[in-house]
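First the structure, in the form of structure tokens, and then the observations on it.
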Amino acid sequence: MATEAAIHAVQLGDKGLELVLPASGAAYFNYYWLRDNCPSSFDHQTRERTYDIFHRAAPPVPQSARIDGDALEVVWAGENHVSRYPLGWLQDCASGRRKDPSDLPRRAWYADHYPAAHRVTFADLQADKAKRAAWLEALLVEGLAFVTDMPDSDAALTELAGHIGLVRPTFFGDYFDVRTHIEPSNLAYTAKALEFHTDTPAEELAPGIQFLHCRANSVQGGDNLFLDGVAVAEDLRRLHPEDFRLLSETAVPFYCEHDSYDMRARQRVIELDEHGAVSGVTISQHMADVFDLQQHELDAYYPAFCRFGQMLADPRYVMRFNIQPGECIVFDNHRIVHGRDAYSATSGDRYLRGCYADRGELRSAYRVLAGEGRFK
């Protein structure tokens, strides 16, 4: 038998109820929301919602509601249905968005980062979930990590990408081979210097995570040049706030055109997340289309764009190294800007095999290893 105190601890209103939660005091919950999120609304095998609120002929209304132990109990009028909501769960919901363990603050890095960059062996990733979680966390926080002692095989790259998710195809295919081509369709397939860029900006949704597995590298030259776009963009915000505003608010066109494809997309050079922090950049001079802003807008946009491009080349940001056979560098293609020095194509062999995965799958993989899901 419910006590009078338990019954009166819940106040029924026209569209929702109020109750006092132990940790935060008074809270309001809408009846539609409560009925939609009854624990019985979810299948615990598929983990999907099975209750369909669209099928209701009338708004849900409680017949009664009370606190019963550590739960809110609601008897729904005309339904022969009782819902029980743990008070701790209601407390979490009243506090705002569901906690996301993958929503980690980014840590900017500079030219001296190479010795401190996260490294893990291929075998450890295969065998140790804790080391796999630490690798995924490094990709979320720093945007870049190295995997060492990779087998010299195509299958090894596929297995590595599988720790994040499915291989994400682009118009280059599922995989791409970075070596000197006789008839190159991309500057990366030559021995020329490769300017600072992020990959495939001409795709509406450019792939998020890039893998570059070094299979051979005995050429003279060809140093890899990597930098953190977050570090440069945040410095631009501090030093030149109006330039930062233009680059983070204005979309400009990019393209990639060849015999069998004609890709076009508009991107903002600086990408912000929901918190207003820099989450990435999109930059590529060899894939920038003719900027089609109004000419008077370009009076301010071009100086901002050029200032940012010049900052990217500042040596204090650029991490320089020469990737070795058996190494795979994995990085956030929306954040890490990369390039390459020219090399002598006749001085040896240079072969990198690459592929992509999506940022969302990176976050998913990390949540599985590091977080407590709704149904665990």
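Between D112 and K192, what's the calculated FRET efficiency when r is the beta-carbon distance and R0 is 30 Å? Round to 0.05.
Details: r = 28 Å, r/R0 = 0.92.
Taking R0 as 30 Å, the efficiency between D112 and K192 is 0.65.
Starting from the Cα of A9, step 7 Å toward the Cβ, then list every residue of the range 34-73 with an amide N under 17 Å from that point. Label zone hits: 64-73. Based on Cα contacts under 8 Å between residues 6+ apart, the range 5-126 shows a relative contact order of 17 percent. Relative contact order for the range 98-256: 21 percent, from Cα pairs under 8 Å spaced at least 6 residues apart, divided by residue count.
Among the lysines of the chain, pairs at least eight places apart or on separate chains and with Cα atoms under 23 Å apart come to 5. Shape class of the range 85-234 from the Cα gyration tensor (axes a ≥ b ≥ c, square roots of the eigenvalues): prolate, since a/c reaches 1.5 or more and a/b is larger than b/c.
Centre-to-centre separation between the Cα atoms of the range 37-58 and those of the range 289-364: 46 Å.
Summed over qualifying helices (DSSP H, 4 residues or more, each -39500 (n - 2.57)) and divided by its residue number, the chain shows a 222 nm mean residue ellipticity of -7500 deg cm²/dmol.
Classification of the range 237-338 by its C-alpha gyration tensor yields an oblate form. The axis ratio a/c (a ≥ b ≥ c) is 1.5 or more, and b/c is at least a/b. Residues of the range 55-97 with an amide N closer than 18 Å to a point placed 7 Å from the Cα of E18 along the Cα-to-Cβ direction: 62, 65-67, 91, 94-95.
Report note on the peptides 221-230, 59-68: ranked by the mean count of other C-beta atoms within 10 Å, highest first, their order is 221-230, 59-68. For the chain, the relative contact order works out to 23 percent when only alpha carbon pairs closer than 8 Å and six or more residues apart are counted. A cut-off of 5 Å between modelled amide H atoms, ignoring neighbours fewer than 5 places along the same chain, links D223 with D341. Candidates [x] 50, 25, 19; [y] 54, 25, 25; [z] 29, 24, 21; which is the computed semi-axes √(5λ) of the Cα gyration tensor in Å? Read-out from the structure maps to [x]. Atom-type composition of the exposed protein surface of the range 84-172 places 54 percent of the accessible area on carbon and sulfur (1.4 angstrom probe). Using the Cα gyration tensor of the range 327-376, with a ≥ b ≥ c the square roots of its eigenvalues, what is the shape: rounded (a/c below 1.5), prolate (a/b larger than b/c) or oblate (neither)? Note, shape of the range 327-376 comes out prolate. Extending 7 Å from Cα along the Cβ direction at W89 and again at D43 yields two label points whose distance is 1.8 nm.
The values are calculated or read from the model by the stated rules, or taken from the named source; none is laboratory data. Computed from a predicted model, the values in this text were never measured in an experiment. We place every Cβ from the backbone using ideal geometry, glycine too, and count neighbours over all the protein chains shown. These area figures cover heavy atoms from the full protein model, side chains too; ligands, DNA and RNA do not enter into them. Shrake-Rupley method; radii C 1.70, N 1.55, O 1.52, S 1.80 Å.
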